[in-house]
Amino acid sequence: MVGKKSRPYSIGIVGKPNVGKSTFFSAATLAPAEIANYPFTTIKPNRGVGYLRSPCVHDEFGVEDNPANSLCVDGIRLIPVELIDCAGLVPGAWQGRGLGNQFLDELRKADAMIHIVDAAGATDIEGRRCQPGSHDPLEDVRFLEIEIDMWVTNILKRDWQKLARTVEAGGVGVNLLGELEERLSGLSIKRGHIFQAVQESGLNADKPASWSDEELLSFVRNLRRVAKPMLIAANKIDLPTAEANVQKLREQDNLTVSCSAEAELALRRAAENGLIQYKPGDCNYKVIDENAISKTQLTALETIKERILTPFGTTGVQEAINAAYFRLLDCIVVYPVEDIEKLANHMGEVLPDAYLVPYGTTARQLAYLVHTELGDNFIYAVEARERKRVGENYLLKNRDVITVVSAKKRA
């Protein structure tokens, strides 16, 4: 990230057909209001803008903010993020079955995955409807992992021996991490991911030609886990057969969030039409005018409250998005400003931007994200809460408000 702007993180919304994946994507990307400056230059048809929910810092600092790249609603910052709606997946996708090639191509740029699973067990492994409770959703998790593992393994096997001989022959700057990073760069896999996967697999990075097929597959499994971490959105939680399956899913390694995409979509559409007050992730809603809402609509909303909001707290859609960024990708939110006294930019806008960055980002790296010249001419930064000067290696904390002093700015 140092020296240049990094692309925004993207989350792939994945799953087999008929599990509510499209409903989840529609609910997550139904904009609560217009934002003036999206952080994405183009949004392709299968991509959309979702929102992270984070407490805004303006109340803490006693100021009225003027958000530009995000929204602030009732003290909550809604920060736009990119979601990728991946094609429905069926077993054999890595061999081109179904829309397999399309799915895997869309997954290349995803940094993490939200796997929409039919927690009620009402769809079989192919996505065909079946008797609720008759299908084990754990099978869906396993098959998706296998599809990705086989896809990556096949990419590596194409000329693995040639790559291995190159590494073992050595040479200036030649090593396995560098060779694999170049080979897998199109999959958003970084050197750090590769290093961690090699370490966890217990393999000799200097002798890749000696790796067996099973050892290579073990490496790929670990690589998928660290480079494409996955969260399970256990959907259709209002159905009676879902409860036991959600518990089974939570006993596995993957983070699991109970979810009702259908309820979230209904609430967001009602809010969009001015029938209720509702922010993504709220635990309740408020009817704006009972005279403007039909009896059928009111009954539907009350059912959502009774079956989803009261027992589960939220619909789970916003919780899943937040967990994907804050827990899987270990991101934090920071607020860069130019005027530390007014917490404003050069136009006087207070706390205009909320940046999403990975934990471990330094003050200088943030400067580069704001503008290359700011990073190149970095002198020091000032942290707003304690009004203290910090150096280029200062590790940003969640909800930090930071101004950067540069040589050009000082002059």
### Task
Within 10 Å of each residue's Cβ, count the other Cβ atoms and sort Met113, Met347, Met230 from fewest upward.
Met347, Met230, Met113
### Message
Among Ala261, Ala271, Ala120, which one shows the highest mean-square fluctuation when the chain is modelled as a Gaussian network with alpha-carbon springs under 10 Å?
### Response
Ala271
## Note on the structure
the chain: spread of alpha-carbon positions along the three principal axes, whole Å, largest first, is 74, 71, 34
### Summary
If R0 = 22 Å, then Thr299 and Glu272, at their Cβ-Cβ distance, give a FRET efficiency to the nearest 0.05 of 0.70
### Query
Across 10 Å bins from the origin, how do the percents of Cα pairs in the stretch 332-410 run, short distances first?
21, 60, 19
### Relative contact order (percent, whole number), the chain, Cα cutoff 8 Å, 6+ residue spacing
18 percent
#### Entry: Pairs of lysines in the stretch 230-358 (C-alpha under 21 Å apart; 8 or more residues apart or interchain)
7
### Query
How high is the FRET efficiency between Asn204 and Ala244 when r is their beta carbon distance and R₀ equals 35 Å, given to the nearest 0.05?
0.20
### Query
List the GluC sites (Glu not before Pro) in the stretch 323-384 that DSSP assigns to loop (not H, G, I, E or B) and whose Cβ has at most 15 other Cβ atoms within 10 Å. Which are they?
Glu341
### Query
What is the distance, in nm, between label points placed 7 Å from the Cα along the Cα-to-Cβ direction at Asn398 and at Val73?
2.1 nm
## Note on the structure
Among Arg268, Arg77, Arg250, the residue with the largest mean-square fluctuation in a Gaussian network model of the chain built from Cα contacts under 10 Å is Arg250
### Message
Just to verify a number: FRET efficiency for Gln196 and Ala292, C-beta to C-beta distance, R0 = 56 Å, to 0.05?
### Response
0.55
### Message
List the residues, sorted by chain then number, that are 5 or more residues from Thr314 or on another chain and whose placed amide H is less than 5 Å from its amide H.
### Response
none
### Query
Under a point-charge model restricted to the Cβ atoms of Lys and Arg (+1) and Asp and Glu (-1), what is the dipole moment magnitude of the chain relative to its Cα centre, in debye to the nearest 20?
720 debye
### Query
Could you put Lys295, Lys279, Lys207, Lys21 in order, starting from the residue whose Cβ has the fewest other Cβ atoms within 10 Å?
Lys295, Lys207, Lys279, Lys21
### Task
Identify the residues of the stretch 150-174 with backbone N under 11 Å of a label point that sits 7 angstrom from the Cα of Glu182 along the Cα-to-Cβ direction, or state none.
163, 166-167, 173-174
### Summary
In the stretch 136-170, the GluC sites (Glu not before Pro) that sit in a DSSP loop and have at most 10 other Cβ atoms within 10 Å of their own Cβ are none
### Task
Could you list which residues have their amide H under 5 Å from that of Met230, counting only those 5 or more apart in sequence or on another chain, with H placed in the peptide plane?
Met113
### Task
Could you run the Karplus curve 6.51 cos²θ - 1.76 cosθ + 1.60 with θ = phi - 60° over the stretch 195-200 and give me ³J(HN,Hα) per residue in whole Hz, x for Gly and Pro?
4, 4, 5, 5, 4, 6
### Query
Which order results if Thr241, Thr372 are arranged by neighbouring Cβ count within 10 Å, fewest first?
Thr372, Thr241
### Message
On a straight-distance basis, which aspartates and glutamates could pair with Lys388 in a cross-link, Cα separation under 13 angstrom, same-chain partners fewer than 8 positions away excluded?
### Response
Glu341, Asp400
### Message
Give me the one-decimal nm value for the distance between modelled label points at Glu168 and Asp253, 7 Å along each residue's Cα-to-Cβ direction.
### Response
2.8 nm
### Message
Tell me the relative contact order for the stretch 332-410 as a rounded percent, counting alpha carbon contacts under 8 Å between residues six or more apart.
### Response
36 percent
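Read-outs throughout are calculated quantities, based only on the coordinates presented, and are distinct from any laboratory measurement. Fair warning: this is a prediction, and the values are worked out from it, not measured in the lab. Glycine also receives a Cβ, built like all others from the backbone with ideal geometry; neighbour counts cover every protein chain displayed.
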